[in-house]
Amino acid sequence: MVSLTCIALMLLSRAQSDELSRKITKLENDIKIAQSENVRLNTAMNSLISADKVETYAEEVLGMVRAENYQITYIDMSKGNMIVLSGDKTDLKEKLTVKLKELFAYPP
């Protein structure tokens, strides 16, 4: 009786072990499939967002053209925030500053 119980428990244990092994094998296979799909999707994404593709789309679909050197203006931001107006135009703040300096200037 005890030996039959031991044999039954061993068979049950073996069946459970086999079932777990099958599940592990299936999960490992699923992981390999997912990794392959991930590689495929990353390759597809990289081909869609490459610099050449973006440039081609901008030129052919959006009608954009590359800027010429004379069309490019560089701005020096190292001096802080300031407003520069072209010509002899001055802004209101500058006019007020000049007037206040003139008003409160010490006589010579």
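Working carefully through the options 72, 33, 24, 49, find the one that is among the aliphatic types (A, V, I, L, M) and within 30 Å of residue 94 (Cβ to Cβ).
Selected residue: 72, the only one of 72, 33, 24, 49 that is among the aliphatic types (A, V, I, L, M) and within 30 Å of residue 94 (Cβ to Cβ).
For region 74-92, state whether one or more residues are more than 29 Å from the chain's Cα centre (by Cα) and modelled with pLDDT of 90 or more.
No, region 74-92 contains no residue that is more than 29 Å from the chain's Cα centre (by Cα) and modelled with pLDDT of 90 or more.
The values are calculated or read from the model by the stated rules, or taken from the named source; none is laboratory data. In this text, all values refer to a predicted model and were calculated from it rather than measured experimentally. Cβ coordinates were reconstructed from backbone atoms using ideal geometry, including for glycine residues, and neighbour counts include every protein chain displayed.
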